[in-house]
Amino acid sequence: MKRDGRTLDHKTLEEIRLMAVQRVREGESATTVIASYGFSRTTIYKWLKASGRGRGLRALRGTRGSGRPRKLTAAQERQVFRWINGRDPRQYGLDFGLWTRAIVVTLIEQKFGVRLGVTAVGTLLAKLGLTPQKPLQRAYQRDAAAIERWQRETYPGIAEQAKQEDADIFFWDESGFRADTVHGKTWGLRGQTPVVHRPGRRQSVSAASAVNSRGAFWFCVYQGALDAELFVGLLKKMMRKRSKPVHLVLDGLPAHKRACVRDYVQSTAGKLTLHFLPGYAPELNPDELVWSYVKRTGTARKPLQAGEKLEIRIDAELAAVKRNPKLVRSFFEAPTVAYISDC
């Protein structure tokens with residue numbers, strides 16, 4: 001069998017089958033698991049079906065092969081995966097914050113009393129579907145308990161209240177755009193950096209948007225920095241002609257919490273309610289994915305032409321998002337916002 005164009009031996013494929021099924025049984029998404037190993041999506045369902053019959057996991061085992069005996073059992077290898085995936089070496093008493101092969105060598109020796117070489121560990125990590133990547137950065141001020149409480153208690157409470165009130169839940173965020181920003185990579189001759197022409201005159205604009213898990217989308221493009229008065233004006237625009245109450249989830253930016261904002265919310269007599277996300281946890285907000293999408297596919301990929309206005313371009317790109325409810329709903333499929341129910 002092949003994975004990403006490479007032929008796998010029977011033993012490696014057996015271990016991948018076992019680990020993949022075990023990960024799904026432990027609660028991971030089948031699609032996410034099989035993608036991490038580089039196989040087509042239908043493959044995992046064949047393995048799950050086979051393991052669900054009378055023989056269980058034994059149905060996934062291949063024929064016994066000859067060769068050098070392994071130093072770690074299949075269960076130990078799965079444990080190595082659980083140690084590394086989404087965790088920090090410092091959680092195990094090690095003094096470095098990034099996973100390296102040498103760090104994994106040390107951890108395996110400490111936990112299992114088995115000494116593997118750095119090359120062998122590299123091979124093991126590749127088999128487990130782990131690759132070296134540049135990590136996302138998280139603030140030390142993050143409160144893990146508050147984040148878990150938000151996902152397990154606070155947001156479900158908001159969803160239940162919205163259901164009882166026949167209200168809509170929207171997630172709000174703001175972002176800035178520059179005409180001279182270029183994202184991504186392009187091809188060129190080795191040693192000769194390609195040139196992408198962009199406007200020489202700087203243009204910048206800001207935008208606010210609110211996104212709903214059912215595909216509703218609101219946005220407004222504006223100039224300048226956000227302050228409390230401007231925020232109130234944007235809220236009034238969003239609430240105009242709305243028949244249902246709105247529960248608005250947003251971050252704790254100081255402009256969102258000023259007295260004039262509280263006064264406006266109170267004046268709506270329950271039509272608008274604000275709920276603030278835990279601090280330093282932008283990944284909980286699906287509206288962040290709107291900005292990621294627009295910046296990845298819009299102006300950053302297709303620089304402005306001579307005489308073109310950035311504000312008009314951003315307005316058109318956000319209008320295109322609004323006309324695509326399926327795209328809007330897809331922002332709620334990210335693992336970081338899986339806690340959000342359809343309200």
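The values are calculated or read from the model by the stated rules, or taken from the named source; none is laboratory data. Keep in mind the model is a prediction, meaning the values are calculated, not measured. Glycine gets a Cβ as well: all are built from the backbone with ideal geometry, and neighbour counts include every protein chain shown. These accessible areas exclude ligands, DNA and RNA; they are computed on the full protein's heavy atoms, side chains included. Shrake-Rupley method; radii C 1.70, N 1.55, O 1.52, S 1.80 Å.
Some notes on this structure:
- The residue pairs whose first member lies in region 204-221 and is free of Cβ contacts under 8 Å to residues at least 40 places away in the same chain and at negative phi, whose second member is open to solvent by 10 Å² or more (accessible area, probe 1.4 Å) and outside any strand (DSSP E or B), and whose beta carbons are closer than 8 Å, counting only pairs six or more residues apart or on different chains, are 206/223; 206/224; 206/225; 206/226; 208/226; 220/237.
- In the set (1) under 21 Å from residue 160 (Cβ atoms); (2) at pLDDT 95 or above, the condition left unmet by residue 239 is number (1).
- If the condition is being in contact (Cβ under 8 Å) with a residue 12 or more places away in the chain and not basic (Lys, Arg), then region 231-246 contributes 231, 232, 234, 235, 238, 239, 245, 246.
- Of the helices (runs of 4 or more DSSP H) lying entirely inside region 240-343, those carrying at least 1 residues that are β-branched (Val, Ile, Thr) and more than 14 Å from residue 170 (Cβ to Cβ) are 259-267, 287-297, 310-322.
- Residues in region 295-317 that are modelled with pLDDT of 70 or more, touching a helix residue (DSSP H, G or I) at 6+ places or on another chain (Cβ under 8 Å) and open to solvent by less than 20 Å² (accessible area, probe 1.4 Å): 314 alone.
- Residue list for region 138-161, restricted to those being open to solvent by 80 Å² or more (accessible area, probe 1.4 Å) and either over 20 Å from residue 286 (Cβ atoms) or modelled with pLDDT of 75 or more (or both): 140, 141, 148, 149, 152, 153, 160
- Failed criterion for residue 249 (all others in (1) surrounded by 14 or more Cβ atoms within 10 Å (Cβ to Cβ); (2) free of Cβ contacts under 8 Å to residues at least 40 places away in the same chain hold): (2)
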